[in-house]
Amino acid sequence: TEDGYQWYYEGRNGWWQYDDRTSQDIEEAFKKGEKSCSILVAGYVYVVDLEQLVQQRQNEPTRCRRVKRDLANIPKKGVAGLRIE
Ligand code: V3L
């Protein structure tokens, strides 16, 4: 986002940055004070819970990952599953 923050979801041993569009959508919901935000990942609806800071595939509680808002320049695994090395 413009103030240097991005949204991340948890991987096995590090954090993945959300793709830019999704990160912007989550940030917009966050700034409006919304409790959650629905996003689309590869055709599946996921709900990002902005209070618990988790994302979960809709109706599949086992598919749950932590999420965080952090600076864009932190170490990360990559963006939306695309590794950066
Ligand atoms: N954006 C992109 N892909 C996602 C997202 C998202 N917000 N959420 C889940 N997936 P689950 P390591 C991740 C993918 O939670 O080696 C990473 O992006 C998810 O991809 O059970 O463990 C990597 O591509 C997974 O493939 O619904 O760090 C991959 O895991 C699939 O949806 C491996 O990362 C099911 O996730």
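For the chain, the dipole from Cβ point charges (+1 on Lys and Arg, -1 on Asp and Glu) about the Cα centre works out to 360 debye, to the nearest 20. Measuring nothing but how far apart in sequence close Cα pairs (under 8 Å, 6+ apart) lie, relative to its length, the chain scores a relative contact order of 34 percent. The 3J(HN,Hα) values that the Karplus relation (6.51, -1.76, 1.60; θ = phi - 60°) gives for segment 18-34 are, in residue order, 5, 4, 4, 4, 5, 4, 5, 5, 5, 4, 4, 4, 4, 5, 7, x, 6 Hz. Gly and Pro appear as x.
Note on Tyr5 and Arg21: the extension gain reaches 4.4 nm, defined as 0.36 nm multiplied by sequence separation minus the Cα-Cα distance. Identify which of Gly33, Gly11, Gly43 has the largest mean-square fluctuation in a Gaussian network model of the chain, with springs joining Cα atoms closer than 10 Å. Comparing Gly33, Gly11, Gly43 in the GNM, the peak value goes to Gly43.
Here Thr22, Thr62 are placed in order of increasing Cβ neighbour count within 10 Å, fewest first, which gives Thr62, Thr22. Going from the fewest other Cβ atoms within 10 Å to the most, the residues Tyr9, Tyr44 appear in the order Tyr44, Tyr9. For Gly78, nonlocal amide neighbours, meaning residues 5 or more places apart or on other chains whose placed amide H falls under 5 Å from its own, are Gln17, Ile84. Working note: 222 nm ellipticity from helices only, DSSP H runs with n ≥ 4, each -39,500 (n - 2.57), summed and divided by the residues of the chain, gives -4500 deg cm²/dmol to the nearest 500. Among the GluC sites (Glu not before Pro) in segment 23-69, those placed in a DSSP loop whose Cβ has at most 10 other Cβ atoms within 10 Å are Glu51.
Values quoted throughout were computed directly from the atomic coordinates according to the rules given, and no laboratory measurement underlies them. Keep in mind that this is a model prediction, so the values were computed, not measured. In this analysis, Cβ positions are derived from the backbone assuming ideal geometry, glycine residues included, and neighbour counts consider all displayed protein chains.
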